[in-house]
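No value in this document is a laboratory result; all are computed from the given coordinates. Note that the structure is predicted; figures quoted are calculated from it, not measured. Cβ atoms come from the backbone with ideal geometry, glycine included; neighbour counts cover every protein chain shown.
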Amino acid sequence: MRFANTIPPSLVRPALIAIASASLLADPVLRINSPANGAVFQPGQTMQVKVSATAGAFLGVVLAGPDPIPWPETILTHPPYEFFVAIPSSIKPGIYWMRAVGSTTEHGHIRSEILNIDVERPDLPASISIDLPRTVRFSVGESDVMRVFGKFSDGTQVELTRSTKTRYKATPEGVVSVNKDGVITAISPGEAQVSVDDKIFVKAIVRAK
């Protein structure tokens, strides 16, 4: 038995029309190609951001993100979509997000996926301190933020609460938890120790409600 090795012409045209229609209906795409997600920058550096976009789809493209980074106000109306962002010298170390936003005629505003950068000083602090007493008391369900400050060899003091170099730990487990932003949350009655970089230790006493 022989099988035809070609598609009947009667089926080709509908298939091509369906493919073309799907392409027209698809939303335009915005993507931040550079820097890579999680890239590390230092305070005071200038960051180059490269964005790719569906050709001919966008009236303008901008960058958006949180303070205190001064995101460019310039709207780029044609490729290459390249932005230069000056990271403030006084910025607090930690993770900052950004995304590209583009305007279109038929699809409104299109947003890229969020990309995170990590802003960190290259040196380590000579000493660290916190703004909590060495013994804190909670009721189950309560929480508090332990702010961490570092004093550096150049004499500057910088808040390091959200720095990815700051390490928090709570022992034993199950009494309190502490997250990467220094938030201590009381879980169950008992006593626990919360440490920062294995240098500062806080006693947490949790009572039932």
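Some points to look at:
- Compared with the alpha-carbon gap, the fully stretched path from Lys151 to Asp197 is longer by 15.1 nm at 0.36 nm per residue.
- Estimated FRET transfer efficiency when R0 is 35 angstrom, pair Trp97-Glu173 (beta carbons, to 0.05): 0.70
- Among [x] -0.36, -0.74, -1.37; [y] -0.57, -0.85, -1.19; [z] -0.41, -0.82, -1.48, the entry derived from the coordinates for log10 I(q)/I(0) by the Debye sum over Cα atoms at q = 0.09, 0.13, 0.19 Å⁻¹: [y]
- Annotation: amide H-H contacts under 5 Å for Phe138 (H modelled 1.01 Å from N, sequence separation of 5 or more, or interchain): Ile205, Val206, Arg207.
- Pairs from the table (Lys50/Lys92; Lys50/Lys165; Lys92/Lys165; Lys50/Lys180) lying more than 19 angstrom apart at Cα are Lys50/Lys92; Lys50/Lys165; Lys50/Lys180.
- The ranking of Arg121, Arg99, Arg167 by Cβ neighbour count inside 10 Å, starting from the fewest, reads Arg167, Arg99, Arg121.
- Take the Cα of Ile205, go 7 Å toward its beta carbon, and the backbone nitrogen atoms of region 124-143 under 18 Å from that spot belong to 132-143.
- Nitroxide proxy distance, nm - points 7 Å out along Cα→Cβ at Asp67 and Glu159: 1.2
- Footprinting exposure proxy ranking of Phe83, Phe58, fewest other C-beta atoms within 10 angstrom first, gives Phe83, Phe58.
- Given their separation in residues at 0.36 nm each and the Cα-Cα distance between them, Ala39 and Thr74 gain 10.3 nm when the chain is fully extended.
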